[in-house]
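Since the structure comes first, as structure tokens, the remarks are kept for the end.
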Amino acid sequence: MPVYPISFSIPPEKIIDYVPTKTRITASIIPGDLSTYIYKTEESYYQGYRDSFFGVTMQKAGWDCMRHYEILANGCIPLFINFENLPENTMTFFPKHIIAKTNGIYMEIMNKKVMESKDIEICNKYIEELLEYTRDNLTTTNMAKYIMKTIGFENAKRILFLSGNTEPDYLRCLTLSGFTPLKN
């Protein structure tokens, strides 16, 4: 029996429409460092990524996590710690090919200590590419369409989504939200 991957995804309405003006190289929030958890609202948390070229992310409880998608959706480049250890068949929809390049660009910029105009231009180009990739591949709606196509029901008008677990779970809950547009 074949096995097909799914991954985290983000609601399309959470993805910004443009590359925002940046005021810092790296977002202040560092996963696992509670002293950097300074935001009181979702909007201020997102703004921290919008203001930054790079946002630090890493494996925590698992390799795939919502933070990666929040960084992407807010026009920020994920600076993925230990990215080279990401297992091959993990996060199959994530733009790993782009992140491998941008992690290298970050290291070059940090070695210079100052972002030159060409660095800004290159980063903004990658941010545009990542925003487009996120819109085209990482939304909850696209994940739901992929699932329906994979199981051969891409024209279904209604689905029954059953789960025995009532605890919050990003993968399950966001995947379910992607099916909502199928009702219309």
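Read the figures in this text as sums done on the coordinates, not as results from a lab. No experiment lies behind these values; they were computed from the predicted model shown. Neighbour counts run over all protein chains shown; Cβ positions are idealised from the backbone, glycine included.
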Legend entry - Hits in the range 125-150 - residues which are in contact (Cβ under 8 Å) with a residue 40 or more places away in the chain and aliphatic (A, V, I, L, M): Ile127, Leu130, Leu131, Leu138, Met143, Ile147
Inset, instruction - Scan the range 66-82 for residues that are on the phi < 0 side of the Ramachandran plot, surrounded by 16 or more Cβ atoms within 10 Å (Cβ to Cβ) and out of contact with any Cys (no Cβ under 9 Å at 6 or more places or on another chain) and jot them down. - result: Arg67, His68, Tyr69, Ile71, Leu72, Ala73, Asn74, Cys76, Pro78, Leu79, Phe80
Legend entry - Count of residues meeting criterion [free of Cβ contacts under 8 Å to residues at least 24 places away in the same chain, under 16 Å from the mean Cα position of the chain (by Cα) and more than 28 Å from Glu43 (Cβ to Cβ)] in the range 87-124: 3
Legend entry - Pairs where the first residue, in the range 1-24, is over 18 Å from Leu130 (Cβ atoms) and the second is assigned to a loop (DSSP other than H, G, I, E, B), C-beta under 6 Å, 6+ apart: Pro5/Thr92; Thr23/Asp51
Inset, instruction - State whether the residues of the range 58-76 include one that is free of Cβ contacts under 8 Å to residues at least 40 places away in the same chain and farther than 16 Å from Tyr170 by Cβ. - result: yes
Legend entry - Number of the condition not met by Gly32 [criteria: (1) under 17 Å from Leu171 (Cα atoms); (2) in contact (Cβ under 8 Å) with a residue 12 or more places away in the chain; (3) over 15 Å from the mean Cα position of the chain (by Cα)]: (1)
Legend entry - Hits in the range 160-181 - residues which are over 18 Å from the mean Cα position of the chain (by Cα) and loosely packed, with under 15 Cβ neighbours inside 10 Å: Leu160, Phe161, Leu162, Ser163, Gly164, Asn165, Thr166, Glu167, Pro168, Thr180, Pro181
